[in-house]
Every structure is written in C-alpha cells, then in structure tokens.
1. Every residue in the range 88-116 that is in contact with a helix residue (DSSP H, G or I) (Cβ under 9 Å, 6 or more places away or on another chain), among the aliphatic types (A, V, I, L, M) and assigned to a helix (DSSP H, G or I), please.
2. Search the range 111-139 for residues that are at pLDDT 90 or above and pair each with any residue that is surrounded by 17 or more Cβ atoms within 10 Å (Cβ to Cβ) and among the basic types (K, R) when their beta-carbon atoms are under 6 Å apart and the residues are at least 6 apart or on different chains.
3. Got a number for residues in the range 72-116 being among the small types (G, A, S), surrounded by 18 or more Cβ atoms within 10 Å (Cβ to Cβ) and farther than 17 Å from L145 by Cα?
4. For the range 86-108, which positions are in contact with a Leu (Cβ under 9 Å, 6 or more places away or on another chain) and hydroxyl-bearing (S, T, Y)?
5. For the range 1-28, which positions are exposed (fewer than 10 other Cβ atoms within 10 Å of the Cβ) and either part of a helix (DSSP H, G or I) or modelled with pLDDT of 90 or more (or both)?
6. Report, by residue number, each residue of the range 33-87 that is in contact with an Asp or Glu (Cβ under 8 Å, 6 or more places away or on another chain), at pLDDT below 90 and either among the charged types (D, E, K, R) or assigned to a helix (DSSP H, G or I) (or both).
7. Can you find even one residue in the range 117-126 that is assigned to a helix (DSSP H, G or I), touching a helix residue (DSSP H, G or I) at 6+ places or on another chain (Cβ under 8 Å) and buried (at least 16 other Cβ atoms within 10 Å of the Cβ)?
Amino acid sequence: MKNRNVWCWLPAALLATLIFVLSSENGHTSYGLSMQIILSLKKFVEWVKKEPIYVSIDAIWLFTMLLRKLAHVMEYALLAIAILIPLNCYHIRRSISIMISFGICLTYSCFDELHQIFIVDRTAKVTDVFIDCAGIMMGIALFALAYQWRKIKNQACMLK
C-alpha cells in the first residue's frame, strides 16, 4: 500500500518538472513557441475555411499573450488536481487536502516566478502568480465536482 501512495505522486512531480523546464526557456524561445502555435492555428482556420484570412500583428500579439496566460491556468489547474489525487490516498479530510494542494501550488508558482528572474529575457510577474491562482482554484473546483459526482453516483448504485 505504501508503494502505491508513492507512485500516486508521480503525475504531480512530472507536471512540476514540466512547468520548471518551460519556465527555464529564454524569453525569445518561449515567446516564439507561443507565436508558432498561434500561426499554426491561423493556418488551420484558413485550411478549414479554404480561404486566406487577414490577422493584424496586434491581433497575433494579443492571441499569443492570451495563449500564454491560458497555459498558466491549465498548468496549475492540472498541478492542483495532480496533488489532490495522492492526498486522497492518505484519507485526509477533503477541506484539509484542498488547503494543502492550494498551498503547495501557490508556493510553487511563487518560486517559479522567482526562478524566471535568472532566465534571459524573462521576468517575475505578480500577475502571473494571480493567473496561476485562478488555475489552482479551477483545478480544485473541477476535482471537487468530480468527487461529488462520484459520491452521488456511488450512493445511487447503493440504492439499487
């Protein structure tokens, strides 16, 4: 049973590593990757519509920034869920496990932003920590909804 509990932490460790690696890219490389994704989406829309579309540089920049912030939200939502799952293995009260998950994710977010100070063309932004918090809360909410849904489903099965 104890080995199983250790393996439950693997997804959280892998996500934390992925976040660290992505944050370690210099600013130009990171921004370039985001820009490539947006330009690929533009090409896909053109392929679907079968006609070229005009998108201004300002719009591309805006979509790139939105993609980068959405990535923050998704990374930390997944990290929160990946931490809540193994906490369930230890049968900790849900409210306590939610606070622990939020605290771990928020701390990691702060250290991740501080880490970016030392990366070329990157800066630490308090707004990114707030965006990460939104992702953390979204992950916790999704986990809580799934937990409640599973609980209701199990109770319904017991009544049959």
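1. I96, I98, I100, I104, L106
2. Q116/R122
3. Kept after step one, since they are among the small types (G, A, S), are these residues of the range 72-116: 77, 80, 82, 95, 97, 101, 103, 109.
When the remaining residues are screened for being surrounded by 18 or more Cβ atoms within 10 Å (Cβ to Cβ), the result is 77, 80, 82, 97, 101, 109.
Within this subset, residues satisfying the condition of being farther than 17 Å from L145 by Cα are 109.
Qualifying residue count for the region: 1.
4. S97, S101, Y108, listed by residue number.
5. At the first step, the residues of the range 1-28 found to be exposed (fewer than 10 other Cβ atoms within 10 Å of the Cβ) are 1-4, 21.
Within the range 1-28, K2, N3, R4, V21 meet the criteria.
6. L33
7. Taking the range 117-126 as the starting set, the residues that turn out to be assigned to a helix (DSSP H, G or I) are 126.
Remaining after also requiring touching a helix residue (DSSP H, G or I) at 6+ places or on another chain (Cβ under 8 Å): 126.
Cutting the leftovers down to buried (at least 16 other Cβ atoms within 10 Å of the Cβ) gives us none.
No, because not a single residue in the range 117-126 is assigned to a helix (DSSP H, G or I), touching a helix residue (DSSP H, G or I) at 6+ places or on another chain (Cβ under 8 Å) and buried (at least 16 other Cβ atoms within 10 Å of the Cβ).
The values are calculated or read from the model by the stated rules, or taken from the named source; none is laboratory data. Worth saying up front: this structure is predicted, and the values here are computed from it rather than measured. Neighbour counts run over all protein chains shown; Cβ positions are idealised from the backbone, glycine included.
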